[in-house]
Amino acid sequence: MMILPEIEIAVQAALDAGQSILTSYGQDIQPEYKSDNTPLTIADRSSHELILRQLEETGLPILSEEGIPVPYAERKAWSTFWMVDPLDGTREFLARNGEFTVNIALISEGQPVLGVIYAPAKGQLYFASTKIGAFYVDAPNDMIHSTERLIESALRMPFPGTHDSFRIVASRSHMDEKTLSYLERLRENNPDLDVLRCGSALKFCMVASGEINSYPRFSPTMEWDTAAGHAILNAAGRTLIDIVNGSELVYNKEDLHNPGFIAQ
């Protein structure tokens, strides 16, 4: 497999950030709460700072959930930049269920062209680009400092094989009435509908791998919540569709909130 420099640096940044997060995982952490009532912990901050230092070496702009907000007047001129969620699934991190991730994406002309998602507590690494496709690798602790070794052991997605039931994944922490109504309508035509619940960007990876048919989301998300997963989906031949206009989600909008979407 051709190892792209951007993939290598993004994978290593995600792995290092994930190990930083694990140093405080399981501790009795008292989070702060941001204006949107989402939690913020020392793990979010340490992951952000570590990723920032590594990605700055590329010379590209960086937009991170935990970074200083960048006015649209400045970032609208960015043709290519990094978009980062240093700790996606902070609620899952605090709940100690392992379903949290580090998300790093490369955005070019409004589209995600590279994505890395690392779930450190599960030892799961996903990476993809439009040039090489989408891949998964078990990432045990004894391998995290050898990016080349990890990439060489990766498995291409989607995985072969099928499952009998129609499988949907939904948010563990953000289920809403619209999603519940959508699932009920699906169940009318798919009596064997199997609904799983999962936190963080792992849901995108489950669709990309072929384990899940679809992931609907109608409650609010931000661009950094979806960018890395979107890149992985597209590289695996899947889509992330804006339910308002029926096209792929776009990035670096003036308002960084996403519309509702369906990954499939």
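The values are calculated or read from the model by the stated rules, or taken from the named source; none is laboratory data. The shown structure was predicted, so the numbers you read here are calculated from the model rather than taken from an experiment. Note that each Cβ is placed from the backbone with ideal geometry, even for glycine, and that neighbours are counted across all protein chains shown.
Among the candidates Gly59, Gly26, which residue alone is at pLDDT 95 or above, more than 17 Å from the chain's Cα centre (by Cα) and of a type in the set (Gly, Ala, Ser)?
From the options Gly59, Gly26, the qualifying one is Gly59.
Of the residues Ala105, Ala134, Ala121, Ala128, only one is in the same structural domain as Pro39 (by TED's automatic domain parsing), part of a loop (DSSP other than H, G, I, E, B) and crowded, with 18+ Cβ neighbours inside 10 Å; which?
On inspection, the qualifying residue turns out to be Ala121.
What is the residue count in region 75-95 for residues that are basic (Lys, Arg) and within 18 Å of the chain's Cα centre (by Cα)?
Here the count works out to 1.
Of everything in region 123-153 that's charged (D, E, K, R) and under 24 Å from Arg238 (Cα atoms), which residue is modelled with the highest pLDDT?
Lys131
With the condition being crowded, with 19+ Cβ neighbours inside 10 Å and touching a Ser or Thr at 6+ places or on another chain (Cβ under 6 Å), I'd like the helices (runs of 4 or more DSSP H) fully within region 1-93 carrying at least 1 qualifying residues.
Of the helices (runs of 4 or more DSSP H) lying wholly inside region 1-93, those with at least 1 residues that are crowded, with 19+ Cβ neighbours inside 10 Å and touching a Ser or Thr at 6+ places or on another chain (Cβ under 6 Å) span 5-22, 42-55.
I need the full set of residues from region 64-97 which are in contact with a strand residue (DSSP E or B) (Cβ under 8 Å, 6 or more places away or on another chain), modelled with pLDDT under 95 and of a type outside the set (A, V, I, L, M), in order please.
Answer for region 64-97, where residues must be in contact with a strand residue (DSSP E or B) (Cβ under 8 Å, 6 or more places away or on another chain), modelled with pLDDT under 95 and of a type outside the set (A, V, I, L, M): Gly89, Thr90, Arg91, Phe93.
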